[in-house]
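This report refers to the structure that appears directly beneath it.
The values are calculated or read from the model by the stated rules, or taken from the named source; none is laboratory data. Small disclaimer: the values here were computed from a predicted structure and weren't measured. Glycine gets a Cβ as well: all are built from the backbone with ideal geometry, and neighbour counts include every protein chain shown.
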Amino acid sequence: MQRVRATLKQGVCLVAVSKFHPVEALREAYGAGQRIFGESHVQELMAKEEVLPKDIEWHFIGHLQTNKVKYIVPYISLIHSVDSVKLLKEINKQAEKVDRVVDVLLQLHVAAEETKFGFTPGELLEMLAAGEWKTMQHVRVVGLMAMATNTDDEGQIAREFDTVNQVFATVKECFFADEPAFKERSMGMSGDYLIAQEHGSTMVRIGTTIFGERDYGKG
Ligand SMILES: *Cc1c(COP(=O)(O)O)cnc(C)c1O
């Protein structure tokens, strides 16, 4: 935990990605002062949220199905992975029911892999220009999230993060110029966060480097 923190630039927020790790591992990180944890499965998050201290800020970082939104909206601090208007609408609807405004990031697809979710830059601008999101009073868009291609080519990774920054700048100027809260770029994981924070990241999502390898067998 401290070892990872020591490598972060000032002002970069650390999300400790605890998916597939047992509650004891989270307690240990909590004991070391960590308060922001990222999970990517709703059931697992619900089970952990119930037993862990209430001052933890939970971030949802995985692909979120609309039918599960209602389970996390009452307490989630930030949803990183909004990849459709339909999902945004559902978050807004559920947040209204519990009288909350939920912070979200829009997920941008910049990686070469088809498997990753998110809006392409063109789709994102189109969706924002359509403007339906402006009517949603119970969600607040605070930035973008992206994953780079899983590759050893550091130049490619850096270029993908630069693309995120360019799209961020355009979106900020066109749609959020008067919204200081729109400032986050969630990018960088264990393998590429050192590159990400040199290329504009404000928030890194780190699992393996903090908690070790995940045991998917038990998840
Ligand atoms: C699992 C996951 C991470 C953390 O990955 P590590 O390589 O273990 O640091 C970050 N972001 C997302 C979206 C993830 O699903």
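A compact table of results
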item	result
Check on Ser190, buried (at least 21 other Cβ atoms within 10 Å of the Cβ), of a type in the set (Ser, Thr, Tyr) and not in a helix (DSSP H, G or I)	no
Residue, surrounded by the fewest Cβ atoms within 10 Å (Cβ to Cβ), within the range 111-157, restricted to residues that are among the basic types (Lys, Arg) and away from the ligand (no atom under 16 Å from the Cβ)	Lys134
Residue match in the range 126-145 (condition: closer than 17 Å to Ala169 by Cβ and part of a helix (DSSP H, G or I))	yes
Hey, Thr151 closer than 27 Å to Gly200 by Cα and either of a type in the set (Lys, Arg) or assigned to a helix (DSSP H, G or I) (or both) or not	no
Cβ pairs under 6 Å, 6+ apart, first in the range 197-209 and more than 15 Å from the ligand (Cβ to nearest atom), second not hydroxyl-bearing (Ser, Thr, Tyr)	His199/Ala158; His199/Phe161; His199/Asp162; Gly200/Asn165; Gly200/Arg185
Unmet criterion (only one of (1) crowded, with 19+ Cβ neighbours inside 10 Å; (2) without any contact (Cβ under 8 Å) to a residue 40 or more places away in the chain; (3) part of a loop (DSSP other than H, G, I, E, B)) for Phe168	(3)
Selection count where residues are of a type in the set (Val, Ile, Thr) and either surrounded by fewer than 16 Cβ atoms within 10 Å (Cβ to Cβ) or away from the ligand (no atom under 16 Å from the Cβ) (or both), scope the range 54-103	9
Every pair of residues 6+ apart whose Cβ atoms lie under 7 Å, when the first sits in the range 147-165 and is within 16 Å of Gly118 (Cα to Cα) while the second is surrounded by fewer than 16 Cβ atoms within 10 Å (Cβ to Cβ) and among the hydrophobic types (A, V, I, L, M, F, W, C)	Thr149/Ala112
Test for Gly188: is it in contact with a helix residue (DSSP H, G or I) (Cβ under 7 Å, 6 or more places away or on another chain), away from the ligand (no atom under 12 Å from the Cβ) and closer than 19 Å to Gly11 by Cα	no
Filtered residue count, the range 34-53, keeping only those that are surrounded by 16 or more Cβ atoms within 10 Å (Cβ to Cβ) and basic (Lys, Arg)	1
Residue in the range 20-31 that is in contact with a Ser or Thr (Cβ under 9 Å, 6 or more places away or on another chain), among the hydrophobic types (A, V, I, L, M, F, W, C) and within 30 Å of Gly155 (Cβ to Cβ) present	no
Restricting the range 1-47 to residues that are within 28 Å of Glu198 (Cβ to Cβ) and hydroxyl-bearing (Ser, Thr, Tyr), the residue that is nearest to the ligand (Cβ to nearest atom)	Ser40
Given (1) among the charged types (D, E, K, R); (2) away from the ligand (no atom under 14 Å from the Cβ); (3) within 19 Å of Lys86 (Cβ to Cβ), index of the condition Asp162 fails	(3)
From Arg185, Arg214, residue being in contact with a Phe, Trp or Tyr (Cβ under 8 Å, 6 or more places away or on another chain) and part of a loop (DSSP other than H, G, I, E, B)	Arg214
Check on Ala111, of a type outside the set (S, T, N, Q), modelled with pLDDT of 95 or more, within 17 Å of the chain's Cα centre (by Cα) and closer than 22 Å to Gly38 by Cβ	no
